[in-house]
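Undergrad: Supplied in structure tokens, the structure appears directly below.
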């Protein structure tokens, strides 16, 4: 879904999660993407569908087994009952995410720019807000942790989902947007970011 093979047209995908909407952080988060020089080429407020979310997270049986076995072992080590099959503990991770992501409206975004996938990941920060770096979206605007979300039996509320790799971005963009949803246009700021000769700056 890229306009050309030039690196400045790399696309990535992001979701501003229900907690971002409820806390009134949409403008702040989008402005951080824009201030870095990235361009929004599609954006919509929507409710996500459960089935499409399972497709979005795209986990297989081996992933569920591996994650579930880790959870079962952690529960036993903590003196807690491990009364489910490991695969069910693994599926509980996605079940919790789906429950959270369908709890209210979200904003889905297609974002364009040089190394867009890497830049958005850097701006968003690490998955766990309490250990994410100061200066990142998660580090600055929330303080949730794996520990407290595990105690409360829920998904971590970390404001933003973003694609981890170019291939993942391509798959997620196709899942949540039609090709016609992505708008090709020029920003005046792109001249200073990408124009080779800076033609026309001086009058």
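Since every read-out is calculated from the coordinates, none of them should be taken as a lab result. Being a predicted model, the structure only gives us computed values, none of them experimental. So basically every Cβ, Gly included, is an ideal-geometry build from the backbone, and we count neighbours across all protein chains shown.
Undergrad: Go ahead and set up a Gaussian network model of the chain, Cα springs under 10 Å, then flag whichever of 88, 61, 112 fluctuates most.
TA: Sorting by GNM fluctuation, first place goes to 61.
Undergrad: Determine which residues of segment 146-182 fall in the zone a paramagnetic label at residue 5 would reach in this model, i.e. backbone nitrogen under 18 Å from the point 7 Å along Cα→Cβ.
TA: Only 166-167 fall inside the zone, counting backbone N under 18 Å.
Undergrad: Given labels modelled 7 Å from the Cα in the Cβ direction, how far is it in nm from residue 114 to residue 143?
TA: Distance between label points: 3.8 nm.
Undergrad: Here is a follow-up. Between 53, 187, 65, find the one with the highest GNM mean-square fluctuation for the chain; connect C-alpha pairs within less than 10 Å.
TA: Maximum among the listed residues: 187.
Undergrad: Specify the residue with the greatest mean-square fluctuation among 140, 92, 152, computed from a Gaussian network of the chain linking alpha-carbon atoms under 10 Å apart.
TA: Result: 152 has the largest fluctuation of those listed.
Undergrad: Still on this structure, please answer the following. For segment 152-203, what ratio Rg/Rh do Cα atoms give with a Kirkwood hydrodynamic radius?
TA: Reported Rg/Rh, Kirkwood definition of Rh: 1.21.
Undergrad: To test your reading of the geometry: what angle, between 0 and 90 degrees and rounded to tens, separates the Cα axis of helix 166-176 from the longest principal axis of the chain?
TA: Roughly 80 degrees between the two axes.
Undergrad: Suppose each label sits 7 Å from its Cα in the direction of the beta carbon; what would the residue 171-residue 70 distance come out to in nanometres?
TA: 1.8
Undergrad: Please work out the FRET efficiency for the pair residue 150 and residue 181, using the Cβ-Cβ distance as r and a Förster radius of 45 Å; give the result to the nearest 0.05. Before the final figure, lay out the partial values.
TA: Details: r = 37 Å, r/R0 = 0.81.
The computed FRET efficiency comes out at 0.75.
Undergrad: Direction-averaged shadow area of the convex hull around the Cα atoms of segment 60-103, nm²?
TA: Reported value for the Cα convex hull: 3.2 nm².
Undergrad: For the chain, just list the percent of Cα-Cα distances falling in each 10 Å bin from zero outward, please.
TA: Result returned by the calculation: 8, 31, 33, 18, 7, 2, 1, 0.
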